[in-house]
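Quick notes on the structure that follows.
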Amino acid sequence: MSTNSRDYGQEAIDRHRETRGKVSIAPKMKVETLDDLSIAYTPGVASVCMTIHADKSESYQLTNRANTVAIVTDGSAVLGLGNIGPEAAMPVMEGKSILFKGLADIDAFPICLATQDSDEIIRTVRNLAPSFGGINLEDIAAPRCFDIEDALQDLGIPVFHDDQHGTAIAVLAGVLNALLVTGRKIEDTKFVFAGAGAGGIASTKLLMEQGATHITLVDSTGIIHKDRSDLTAVKSAMLETTNPDNTKGGIEDAMRGADVFIGLSAADAVTAEMVSSMAKDAIVFAMANPIPEIWPDKARAAGAAVVGTGRSDFPNQINNSLVFPGVFRGALDSHSTRVTTRMKLAAAMALASLVKEPTPENVIPWSLDRQVAQTVAQAVSGAA
């Protein structure tokens, strides 16, 4: 378990209570004189409005729209906490807002919806779209998250479900460097995912785009195989490209002989014995938050060569905070209408490249490294 004795939970409550949350709005224009007021508001603002009325694209030049992102959630899949609702999801959305601003200078606004009806969420986002340059979908449970994101790809602005693609980009970047450390090629590597939700499925797809050929998915019932009758349509579709040996059983069966374990599931889901059963110099990314599938010290003692978590108080934090600020900065700067697979792969390669000499304790950059968002943004913009 963690060797850090600080109670971050209580400290977080105290700090949030002291500041009443993490975000506020600051003006870009001064309004100190009557002339200032006449320019910023009435009567001058009417001319600005009519200019946009004549050409809607002017909203990107005459308002802050080009630098704004809506962080939209229904609170149905927050961190490892589950369906805690929109009010309880707000602290996470505010946290993303300050990362957007601090790392990529993007003004991001938390929008926590009091509905978990997919059609209603889609309608709401469509109605909000004229106010924003991009939409970051967040903490919406699978499989609804897939349908919602797919339905919004025609908005004309990038719509990016961070739990899917931010996670996938971070996972791929960490994997690429971990494979270098352990002397493996991606096409010859056997991967196991614990968790077949948004992050697990998106990460699987992106790894395959990069050349992975052998991935087995495990959900709360066990290995996803062709003979199961309880699979969702999304999970069934994944069997076209995963579990080529049609392996059956539980997580312990999937991990036996595997090279890489990627956990996006639940606390303490993996034992030391399971890690010991993996291939020599195994890679273990136990990313459940706040408690990983297995604590890093236990995984290393069981034989893992490279260990990562989703936490910031251990080495190798594989977390989408490394991704979304730069991805949206690049998408906004390039005036992209969507985030493509090519852009995601470019982001992952750029993120991995920031670690010049990967080691077991360093396969992914530090989350607060200011160079990360800039480098990812440039890669995404170039790919766009």
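For the range 114-131, 3J(HN,Hα) computed residue by residue from phi via the Karplus equation (6.51, -1.76, 1.60; θ = phi - 60°) reads 8, 8, 10, 8, 4, 5, 5, 5, 4, 4, 5, 5, 4, 6, 7, 3, x, 8 Hz, glycine and proline entered as x. Model label points for I39 and T340, set 7 angstrom from Cα along the Cα-to-Cβ axis, are 4.1 nm apart. Among C145, C112, C49, the largest mean-square fluctuation in a Gaussian network model of the chain, built with springs joining Cα atoms closer than 10 Å, belongs to C49. Karplus-derived 3J(HN,Hα) values for the range 330-343, using 6.51 cos²θ - 1.76 cosθ + 1.60 with θ = phi - 60°, are x, 5, 5, 5, 8, 6, 6, 8, 7, 9, 8, 4, 4, 5 Hz; glycine and proline are entered as x.
Between the range 105-127 and the range 241-265, the alpha-carbon centres lie 35 Å apart.
Hey, what number do you get for the chain at 222 nm if only DSSP H runs of n ≥ 4 count, each worth -39500 (n - 2.57), divided across all residues, to the nearest 500?
Here the helix-only value at 222 nm equals -12500 deg cm²/dmol.
Between the residues F100, L155, A173, the greatest Cα displacement towards the positive end of the dipole of the chain, with unit charges on the Cβ of Lys, Arg, Asp and Glu, is found for A173.
Rounded to the nearest 10 degrees, the inclination of helix 8-19 to the longest alpha-carbon principal axis of the chain is 0 degrees.
Rounded to the nearest 20, the size of the Cβ-charge dipole of the range 8-161 about its Cα centre is 280 debye, with Lys and Arg at +1 and Asp and Glu at -1. Could you tell me the calculated FRET efficiency between D117 and A88, based on Cβ-Cβ distance and R0 = 22 angstrom, to the nearest 0.05? It comes to 0.70.
How would you rank T204, T241, going from fewest to most other Cβ atoms within 10 Å of each one's own Cβ? Provide the component values of the computation, followed by the final result.
Numbers: T204 23, T241 13.
Exposure proxy ranking, most exposed first: T241, T204.
Largest GNM mean-square fluctuation across A301, A89, A170, computed for the chain with C-alpha springs under 10 Å, falls on A301.
What ranking of H165, H335, H53 emerges when the number of other C-beta atoms within 10 Å of each C-beta is taken as an exposure proxy, fewest first? Working shown, then result.
Details: H165 27, H335 14, H53 10.
Sorted ascending by nearby Cβ count, the order is H53, H335, H165.
Residue exposure proxy: S118, S353, S47, ordered by other Cβ atoms within 10 angstrom of their Cβ from fewest to most, comes out as S47, S353, S118.
For A142, the residues 5 or more places off, or on other chains, whose built amide H falls under 5 Å of its own are A198. The trypsin sites (Lys or Arg not before Pro) of the range 1-97 that meet both conditions, a loop assignment by DSSP and at most 16 other Cβ atoms within 10 Å of the site Cβ, are R6, R20, K28, K30.
First check a/c for the range 230-384, with a ≥ b ≥ c the square roots of the eigenvalues of its C-alpha gyration tensor; if it is under 1.5, answer rounded, and if not, answer prolate when a/b is larger than b/c or oblate otherwise. In terms of gyration-tensor shape, oblate.
Can you list the chymotrypsin sites (Phe, Trp or Tyr not before Pro) in the range 40-132 that are in a DSSP coil and have 12 or fewer other beta carbons within 10 angstrom? Walk me through the numbers before you get to the answer.
Values: sites: Y41, Y60, F100, F132; in loops: Y41, F132.
When the chymotrypsin sites (Phe, Trp or Tyr not before Pro) of the range 40-132 are filtered for loop state and at most 12 Cβ neighbours within 10 Å, Y41 remain.
To the nearest whole percent, what portion of all C-alpha pairs in the range 8-161 is separated by more than 29 angstrom?
Working: 3391 of 11781 pairs.
In whole percent, the share of Cα-Cα pairs in the range 8-161 beyond 29 Å is 29.
Evaluating 6.51 cos²θ - 1.76 cosθ + 1.60 at θ = phi - 60° for every residue in the range 372-384, the Karplus couplings come out as 4, 4, 5, 5, 4, 4, 4, 5, 5, 4, x, 5, 5 Hz, glycine and proline recorded as x. Close amide-amide hydrogen proximity is noted between T63 and no other residue 5 or more places distant or on a separate chain, at a cut-off under 5 Å (H modeled in the peptide plane; Pro and chain starts excluded).
Return, ordered by residue number, the residues of the range 282-325 whose backbone nitrogen is under 17 Å from a label point located 7 Å along Cα→Cβ of D369. Residues 307-325 fall inside that zone.
For I25 and D150 in one chain, what is 0.36 nm times their gap in residues minus the Cα-Cα distance, to one decimal in nm?
Numbers: separation 125, 0.36 × 125 = 45.00 nm, distance 3.12 nm.
Taking 0.36 nm per residue and subtracting the Cα distance, the gain is 41.9 nm.
Put simply, the amide H of G263, placed in the peptide plane, has neighbours under 5 Å in A194, F285, A286, M287, leaving out anything fewer than 5 places away on its chain.
Looking at the chain, what % of its DSSP beta bridges pair antiparallel, to the nearest 5? Kindly include the intermediate steps, with their values, before the conclusion.
Values: 3 of 35 bridges.
Restricted to the chain, the bridges split so that about 10 percent are antiparallel.
Dividing the Cα radius of gyration of the chain by its Kirkwood radius returns 1.00 for Rg/Rh.
Under the convention that each Lys and Arg Cβ holds +1 and each Asp and Glu Cβ holds -1, the size of the dipole of the chain around its Cα centre is about 580 debye.
For an R0 of 22 angstrom, estimate the FRET efficiency from the Cβ-Cβ distance between E361 and E209 and round to the nearest 0.05. With R0 = 22 Å, the Cβ-Cβ based efficiency is 0.20.
Run the numbers for S220 and E58: contour at 0.36 nm per residue of separation, minus the present Cα-Cα distance, in nm. Kindly include the intermediate steps, with their values, before the conclusion.
Details: separation 162, 0.36 × 162 = 58.32 nm, distance 4.92 nm.
Taking S220 through E58 to full extension adds about 53.4 nm, to one decimal.
In the elastic network of the chain, a GNM with C-alpha springs shorter than 10 Å, the most mobile of N67, N362, N246 is N246.
Rule-based calculations on the coordinates, nothing more; no lab input. This one's a predicted model, so the numbers in the text were calculated from it and none came from an experiment. Cβ atoms come from the backbone with ideal geometry, glycine included; neighbour counts cover every protein chain shown.
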